[in-house]
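Peer 1: Before we start, here is the structure in question, set down as structure tokens.
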Amino acid sequence: MTNTAIMPRALRNFAEQQDGALTAFGLFLGLSSIVVGGLAIDVANAMMARTQLQAAADAGAHAALYIREWEDSAIAKQAALDLVNVNMPSAHFGSLLTADDIKFGYWDPDTQQFQIDADSKDGVFVDISRIEAKNNSVCTYFLKFAGSGSWDVRRGAGFETYIPTCFREGLV
């Protein structure tokens, strides 16, 4: 018997075998799991950065408004900057907050907006961010393979003073 007579039967046997039929599905399922897991890690990292920024913004805004009660706005802004730098050091996170990102003013309940007034002691708004323009955006681990190497995350915190009417009228 020659090799040519055996060859067609060998190919036919190979085509009829079902061993490993789920290998393609297993590869697809494994790749899908890696993609979804990578996306979950990147989203969780962005949410962690958002939470850190919110805590730092809250602390900075509270410090600025508290110090503003007795000091001028420059000293109050510096206190906020110092506190944010303690919570999120610039050596690790980059420049998160500048004095220009801290605005004094008051909350207007009618328009539902913060009105900027540099001389005000009634409220403060702090806008803190990790963005690409500051070269400190939140980097991704797996999405960089899809072309998204970083995410911009921005948070803000507003604080206002509140003195109830009973304190102003002397009746407590």
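The values are calculated or read from the model by the stated rules, or taken from the named source; none is laboratory data. Bear in mind the structure is a predicted one, so any value in this text is a computation, not a measurement. Cβ sites come from the backbone with ideal geometry, for glycine too, and all protein chains shown count toward neighbours. Each accessible area value is taken on the protein alone, full model and side chains, heavy atoms only, with ligands, DNA and RNA left out. Shrake-Rupley method; radii C 1.70, N 1.55, O 1.52, S 1.80 Å.
Peer 1: If you place +1 on the Cβ of every Lys and Arg and -1 on the Cβ of every Asp and Glu, how big does the dipole about the Cα centre of the chain come out, in debye to the nearest 20?
Peer 2: Using Cβ point charges on Lys, Arg, Asp and Glu, the chain gives about 1100 debye.
Peer 1: How would I128, I116 rank on accessible area, largest to smallest, probe 1.4 Å?
Peer 2: Working: I128 0, I116 115 Å².
Sorted by accessible area, descending: I116, I128.
Peer 1: How much net charge surrounds Y66 when only other residues with a Cβ under 15 Å from its Cβ are counted (Lys, Arg +1; Asp, Glu -1)?
Peer 2: Numbers: positive: R68, K77, K121; negative: D58, E69, E71, D72, D82, D122, E160.
Neighbourhood net charge equals -4.
Peer 1: Further question on the same structure: Would you work out which of L31, V126, Y141 lies farthest towards the positive end of the dipole of the chain? Charges go on Cβ: Lys and Arg +1, Asp and Glu -1.
Peer 2: Positive-most Cα among the choices belongs to L31.
Peer 1: Between Y162 and D119, 0.36 nm times their residue separation minus their Cα-Cα distance comes to what?
Peer 2: Going from the current span to full extension adds 13.8 nm.
Peer 1: May I ask you to evaluate 6.51 cos²θ - 1.76 cosθ + 1.60, the Karplus curve with θ = phi - 60°, for each residue of region 119-125 and list the ³J(HN,Hα) values in order in whole Hz, giving x for glycine and proline?
Peer 2: These are the phi-based 3J(HN,Hα) values: 8, 6, 10, 8, x, 8, 10 Hz.
Peer 1: With all protein chains present, calculate the accessible area of S32 using a 1.4 Å probe and round the result to the nearest 10 Å².
Peer 2: Around 40 Å² of this residue is reachable by solvent.
Peer 1: OK, next. If R0 is 30 Å, what FRET efficiency do you get for K144 and S90 from their C-beta distance, rounded to 0.05?
Peer 2: 0.80
Peer 1: Provide the per residue accessible area, probe 1.4 Å, for the chain, rounded to a whole number of square angstrom.
Peer 2: That works out to 68 Å² per residue.
Peer 1: Cα axis of helix 3-16 to longest principal axis of the chain: angle in degrees, 0 to 90, nearest 10?
Peer 2: Computed tilt is about 40 degrees.
Peer 1: To the nearest 500 deg cm²/dmol, what mean residue ellipticity at 222 nm is calculated for the chain from DSSP H runs of n ≥ 4 alone, each contributing -39,500 (n - 2.57), summed and divided by the residues?
Peer 2: -16500 deg cm²/dmol
Peer 1: On to the next question. Of the heavy-atom accessible surface of region 37-172 (probe 1.4 angstrom), what whole percent is carbon and sulfur?
Peer 2: With neighbouring chains kept in place, the figure for region 37-172 is 55 percent.
Peer 1: Just read off the accessible area of Y141 with the full protein assembly in place, 1.4 Å probe, to the nearest 10 Å².
Peer 2: Roll a 1.4 Å probe over it and Y141 shows about 120 Å².
Peer 1: Two decimals is fine: what's Rg over Rh for region 47-172, C-alpha atoms, Kirkwood radius as Rh?
Peer 2: Values: Rg = 17.1 Å, Rh = 15.8 Å.
Computed over Cα atoms, the ratio is 1.09.
Peer 1: Further question on the same structure: Report K77's accessible area, 1.4 Å probe, all protein chains in place, as a number in Å² to the nearest 10.
Peer 2: Looks like 50 Å² after rounding.
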